[in-house]
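The values are calculated or read from the model by the stated rules, or taken from the named source; none is laboratory data. For clarity, every value in this text was computed on a predicted model and none was experimentally measured. Cβ placement follows ideal geometry from the backbone for every residue including glycine, while neighbour counts extend to all protein chains displayed.
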Amino acid sequence: MKVIQVVPDIADEASGPSYTVPRLSESLGRLGAQVQLHVLTSSIPVARSYQIHAHGNWRFPNKLGISPKMRYALRQEAKEAEVIHNHGLWKMPNVYSAWAARDRLCRLVLSPRGTLSPWALQWFAWRKRLMWWLCQGRAVRDAHCFHATAEREYQEIRAAGLRGPVAVIPNGIDIGPERFGPSANGTRRLLFLGRLHPVKGIDLLLRAWQQVEDRFPEWELHIVGGSPSGYQEQMEQLAGSLGIRRVCFPGPAFGPDKTRQFQQAELFVLPSHSENFGVAVAEALAHGVPAIVTKGAPWSGLETHECGWWIEQGVDSLADCLRSALALSPEKLRDKGRRGRQWMEQEFSWDRVGRMMLDTYRWLLGGGAPPAWVHRN
């Protein structure tokens, strides 16, 4: 089976699709599919089980990702492909995928990747309404199947008025080394790791931390991530104005540096307003770190698997949860982390996710009864 994966960019290592789309491509390739990944970037990783095709794009307007080279390449490859799988919305590569599949025998699969959440739709809403009217709307309606990474994203797809079948398949995660626990000097670490962006609720985290830091002098808050827009400086100024003492902003961490961040943490926190999945939560659990996550992200399993907390959005609810979680002993937090790690091993391996996606493609091509994870209404 020839499968084309399309995502605008994989250069930003802090974004979820930069990790999940190449890893999905790799998993599908190892399962026997002939996979191509088409991107707009000049820096691409080494791929062993799939091919990467990088295409240049116009520098202006850069945000749209206009690339005649990608458009032509997808049209050519679609003549022989059986599936084109597009990831994301609101850039021209997300439209080129539909144009390439149109009037061809290949099936078009669309993963919104959080772009249909209410919060995301309000961000530059006028620009998105215009693009929907011009080209994105028809491109979305052309999809033969949608992919949601969680039940909430399935509901967002339906709320957008899209009636095609939806395959609910989570992102996978690599199981990393377990955490170290408390440092030699007794300092304990609360970790946020991800993009520094308004959607992540970092301002709420700082205000909640202000309420609890005096009660837990052995704990430090580390806010790890990059911020091209200058949002980090805004958050540092907020921390200063709140009089917070034990917080640091060490910048982004990738590869081995990111692994060390998880290993040195005892507790992870993600106070997002909106997440279609929240890869950093899965990464934390895979390293044996329990997590506090707001209900802007689809992680109710934290409570059912007893490996963290899933709480309402807000400063007070976050502060209350921190008071309870930070008071736990290292042993009790470690037990929660082990349960989270076991959960990731059982349900979020890339081999399992790849097989589910490949079975979805086969169903689209061959018909018959859909897989159990496909919703048709």
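Looking across the range 71-90 at every residue that is in contact with a Phe, Trp or Tyr (Cβ under 6 Å, 6 or more places away or on another chain) and buried (at least 19 other Cβ atoms within 10 Å of the Cβ), the one that is farthest from L365 (Cα to Cα) is identified as L74.
Considering only residues that are touching a strand residue (DSSP E or B) at 6+ places or on another chain (Cβ under 9 Å) and closer than 24 Å to A150 by Cα, look in the range 102-130 and name the one that is surrounded by the most Cβ atoms within 10 Å (Cβ to Cβ).
We begin by selecting, within the range 102-130, every residue touching a strand residue (DSSP E or B) at 6+ places or on another chain (Cβ under 9 Å); these are 102, 104, 106-113.
Subsequent filtering for residues that are closer than 24 Å to A150 by Cα retains 107-113.
Working: R107: 20, L108: 25, V109: 26, L110: 28, S111: 31, P112: 25, R113: 26.
Among those residues, the one meeting the criterion is S111.
Exactly one residue out of P93, P22 is modelled with pLDDT of 95 or more, crowded, with 19+ Cβ neighbours inside 10 Å, within 22 Å of the chain's Cα centre (by Cα) and in a helix (DSSP H, G or I): that is P93.
Condition check: assigned to a strand (DSSP E or B) and modelled with pLDDT under 95. Does H53 satisfy that?
Working: assigned to a strand (DSSP E or B): yes; modelled with pLDDT under 95: yes.
Criteria met by H53.
For the range 118-132, the criterion of being polar (S, T, N, Q) and part of a strand (DSSP E or B) is satisfied by no residue at all.
The helices (runs of 4 or more DSSP H) found wholly in the range 262-377 and carrying at least 3 residues that are surrounded by fewer than 16 Cβ atoms within 10 Å (Cβ to Cβ) occupy 315-326, 330-347, 350-366.
From the list A100, A143, the one residue that fits, being assigned to a helix (DSSP H, G or I), among the hydrophobic types (A, V, I, L, M, F, W, C) and either at pLDDT 95 or above or on the phi < 0 side of the Ramachandran plot (or both), is A100. Would you be able to say whether some residue in the range 56-77 is in contact with a strand residue (DSSP E or B) (Cβ under 6 Å, 6 or more places away or on another chain) and polar (S, T, N, Q)? The answer is no, given that none of the residues of the range 56-77 is in contact with a strand residue (DSSP E or B) (Cβ under 6 Å, 6 or more places away or on another chain) and polar (S, T, N, Q).
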